[in-house]
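Written below as structure tokens is the structure these notes are about.
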Amino acid sequence: MNISPYQVKKIRRVVAVLMAAAITGVLSALVADTLKVITEHYESIFLENLHHNRYLIFIIPLIGLTTIQMLRYFLFRNKANKGIKEVLDTINKNGNTLPAYKIPSHYFNGLLTVIFGGSTGIEVSTVVSTAAIGALSSRKVSYLRKYRTDLVCAGLAAGVTALFNAPIAGFLFAFEVFTKRRSKLHTASVITAVIASYLLTRFFFYKQVFEFNVTGWRSEAFPYIVLLGVLAGINSAYLTKSVLFFKKFFSSFHNDYIRIIGGSLIISTLIFFMPNLYGEGYEGIKHVFLHVDAPSIALLLPLLAVLLLKPIATSVTLGAGGDGGVFAPSLFIGAFLGLIVSMILNHYFNLGLIPVNFVVIGMAAVLSGSIHAPFTSIFLVCALADNYILFIPIVVASLISKWVASKILPYSVYTYKPNRA
């Protein structure tokens, strides 16, 4: 069978794109995994020191935000990081692309934000950094430029895969949030990067994020799972609205020093009274899992306070110049919401609900409503649980949460446009 020169050229291009996607996946995994490991290490050191001297919290966020501002001014072209919007602009606007400096910019700013107490996570910082790796790879070879979107999506999907050891969630995240492209090459590029990232992470960096045991669920709990989905949607909208409000509020300060000092003081005060608000909140989620076997109703008011204040702490962190997004805060809020709902229903109505199930379902539901990506949330949380026992209730709660959140606010923090009414 004769192969035409055009077919040969096409095959070579496909091979080149897939090779670039594989390299992007490996590099993205290295960025995501090293950032995760370093952040966890230094965050634990800072938290340990805070246990010995709580008043240190009144200088730690100030140091972090000030350092970020200095790096931004002297190293990173004095341009603010816009998070996911930067990636969306790269994909949707042909004239824009992610410059190479976005890789170290988001990497170090995300690290500094979280370890110095900023109440957000490294997920969005990782996504933008790894998307920038994809954009960079598309510029290194001239004929790869037309495949920029494919490689950018490959990078960000690989980043999510590495962070949560969740390849299906990484793949779905690229399609639910960033692009609806359905070409075979695009799909193959994302899959290639995800597989490369997953293999590297699984064999060299794998560590279970949370330790908990899910054994099953009862159909009698179904109405209360629906209730949890509705409440999760409301909390997701509250988080979104809070982030947008405080970003607008802090942007009105033209003096960076006032913005940084004011923001760090608010963060410090909140963490002083509610230590679980420190950093990405995974320690707080682990604390929740410690109480799921025999939750005490005496914990209800402190849990409610954390639930209400986490969106504010996250929003102030981002508004004051911190780098991050709503991924980790959504998981945090969902865990606390699930525990609160199960506690109230069990205590006052003696329903015998399984608290750990509601914690896990709540994590997926709030994330779904916050990022308007239910299928990403479903498979991400199933990966965190390392099983699919709760798949059906997670699907139900996540879809309901996304529907409720979109009815309250027809946009997420990623898709909001200031000229909306």
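The values are calculated or read from the model by the stated rules, or taken from the named source; none is laboratory data. Quick caveat, the model's predicted, so the values are computed rather than measured. Using ideal geometry, Cβ is built from the backbone for each residue, glycine included, and neighbour counts are taken over all protein chains shown. Areas reflect the complete protein model, heavy atoms only, side chains present, ligands, DNA and RNA absent. Shrake-Rupley method; radii C 1.70, N 1.55, O 1.52, S 1.80 Å.
Pick from ALA100, ALA135: which is over 30 Å from ILE59 (Cβ atoms) and either within 17 Å of the chain's Cα centre (by Cα) or part of a helix (DSSP H, G or I) (or both)? It would help to see each step written out before you state the result.
On the way: ALA100 fails: either within 17 Å of the chain's Cα centre (by Cα) or part of a helix (DSSP H, G or I) (or both).
One residue alone meets the criteria, ALA135.
Go through GLY229, GLY216, GLY159 for me and flag whichever is touching a residue at least 24 places away in the same chain (Cβ under 8 Å), in a loop (DSSP other than H, G, I, E, B) and either closer than 28 Å to ILE408 by Cβ or open to solvent by less than 30 Å² (accessible area, probe 1.4 Å) (or both). Let's see the steps before the verdict.
On the way: GLY229 fails: in a loop (DSSP other than H, G, I, E, B); GLY159 fails: in a loop (DSSP other than H, G, I, E, B).
GLY216 is the lone residue from the list that is touching a residue at least 24 places away in the same chain (Cβ under 8 Å), in a loop (DSSP other than H, G, I, E, B) and either closer than 28 Å to ILE408 by Cβ or open to solvent by less than 30 Å² (accessible area, probe 1.4 Å) (or both).
Select, from VAL360, VAL356, VAL404, VAL396, the only residue that is touching a residue at least 40 places away in the same chain (Cβ under 8 Å) and closer than 30 Å to ASP89 by Cα.
On the way: VAL360 fails: closer than 30 Å to ASP89 by Cα; VAL356 fails: closer than 30 Å to ASP89 by Cα; VAL396 fails: closer than 30 Å to ASP89 by Cα.
When all the criteria are applied, what remains is VAL404.
When you look at SER264, is it touching a helix residue (DSSP H, G or I) at 6+ places or on another chain (Cβ under 8 Å), at pLDDT below 95, of a type in the set (Ser, Thr, Tyr) and more than 12 Å from THR314 (Cβ to Cβ), yes or no?
No: the conditions fail for SER264.
Of the residues ARG202, ARG139, ARG145, only one is without any contact (Cβ under 8 Å) to a residue 24 or more places away in the chain and open to solvent by 40 Å² or more (accessible area, probe 1.4 Å); which? Full working, then the answer.
Numbers: ARG202 fails: without any contact (Cβ under 8 Å) to a residue 24 or more places away in the chain; ARG139 fails: without any contact (Cβ under 8 Å) to a residue 24 or more places away in the chain.
Answer to the check: ARG145.
Keeping to the stretch 181-194, report how many residues are touching a helix residue (DSSP H, G or I) at 6+ places or on another chain (Cβ under 7 Å) and assigned to a helix (DSSP H, G or I). Outline the logic, then answer.
Pass one, the stretch 181-194, residues touching a helix residue (DSSP H, G or I) at 6+ places or on another chain (Cβ under 7 Å): 181, 185-186, 188-194.
After this cut, where a residue has to be assigned to a helix (DSSP H, G or I) as well, the list is 185-186, 188-194.
Result for the stretch 181-194: 9.
For the stretch 371-404, which positions are among the charged types (D, E, K, R) and at pLDDT below 95?
Let us first name the residues in the stretch 371-404 that are among the charged types (D, E, K, R), namely 386, 402.
The answer is ASP386, and nothing else.
Would you check if SER315 is of a type outside the set (A, V, I, L, M, F, W, C), in contact (Cβ under 8 Å) with a residue 12 or more places away in the chain, in contact with a Lys or Arg (Cβ under 9 Å, 6 or more places away or on another chain) and within 24 Å of THR240 (Cβ to Cβ)? Even if it seems obvious, please write down each step before you answer.
On the way: of a type outside the set (A, V, I, L, M, F, W, C): yes; in contact (Cβ under 8 Å) with a residue 12 or more places away in the chain: yes; in contact with a Lys or Arg (Cβ under 9 Å, 6 or more places away or on another chain): yes; within 24 Å of THR240 (Cβ to Cβ): yes.
Yes; evaluated as a whole, the condition is true for this residue.
Please find, among VAL381, VAL359, VAL396, VAL413, the residue that is under 20 Å from the mean Cα position of the chain (by Cα), at negative phi and open to solvent by 10 Å² or more (accessible area, probe 1.4 Å).
Step by step, each of VAL381, VAL359, VAL396, VAL413 is checked, and only VAL413 is under 20 Å from the mean Cα position of the chain (by Cα), at negative phi and open to solvent by 10 Å² or more (accessible area, probe 1.4 Å).
Test ALA16 against the stated conditions and say whether it is in contact with a helix residue (DSSP H, G or I) (Cβ under 9 Å, 6 or more places away or on another chain), open to solvent by less than 60 Å² (accessible area, probe 1.4 Å), over 26 Å from ILE271 (Cβ atoms) and modelled with pLDDT of 95 or more. Can you show your working first?
Values: in contact with a helix residue (DSSP H, G or I) (Cβ under 9 Å, 6 or more places away or on another chain): yes; open to solvent by less than 60 Å² (accessible area, probe 1.4 Å): yes; over 26 Å from ILE271 (Cβ atoms): yes; modelled with pLDDT of 95 or more: no.
No, not satisfied.
Need pairs with beta-carbon distance below 7 Å; first residue buried (at least 23 other Cβ atoms within 10 Å of the Cβ) and within the stretch 174-197, second hydroxyl-bearing (Ser, Thr, Tyr); sequence gap 6+ or separate chains.
Sorted first by the residue in the stretch 174-197, then by its partner, the pairs are ALA193/THR24; ALA193/SER28; VAL194/THR161; SER197/SER28; SER197/THR161.
Test each condition in (1) open to solvent by less than 10 Å² (accessible area, probe 1.4 Å); (2) within 15 Å of the chain's Cα centre (by Cα) for LEU111 and report the one that comes out false.
Looking at each condition in turn, LEU111 falls short on (1).
Criterion first (open to solvent by 30 Å² or more (accessible area, probe 1.4 Å), hydroxyl-bearing (Ser, Thr, Tyr) and at pLDDT 95 or above) does THR269 satisfy it?
Numbers: open to solvent by 30 Å² or more (accessible area, probe 1.4 Å): yes; hydroxyl-bearing (Ser, Thr, Tyr): yes; at pLDDT 95 or above: yes.
The answer is yes for THR269.
So that you can scan it fast, the table gives a plain yes or no per residue for (1) free of Cβ contacts under 8 Å to residues at least 24 places away in the same chain; (2) surrounded by 14 or more Cβ atoms within 10 Å (Cβ to Cβ); (3) closer than 28 Å to ILE261 by Cβ:
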{"residue": "GLN7", "(1), (2), (3)": "yes, no, no"}
{"residue": "ARG12", "(1), (2), (3)": "yes, no, no"}
{"residue": "THR24", "(1), (2), (3)": "no, yes, no"}
{"residue": "LEU30", "(1), (2), (3)": "no, yes, no"}
{"residue": "LYS36", "(1), (2), (3)": "no, yes, no"}
{"residue": "LEU47", "(1), (2), (3)": "no, yes, yes"}
{"residue": "HIS51", "(1), (2), (3)": "yes, no, yes"}
{"residue": "TYR73", "(1), (2), (3)": "yes, no, yes"}
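Is the stretch 283-300 home to any residue that is within 29 Å of PHE358 (Cα to Cα), open to solvent by less than 10 Å² (accessible area, probe 1.4 Å) and within 18 Å of the chain's Cα centre (by Cα)?
Yes, the conditions are met somewhere in the stretch 283-300.
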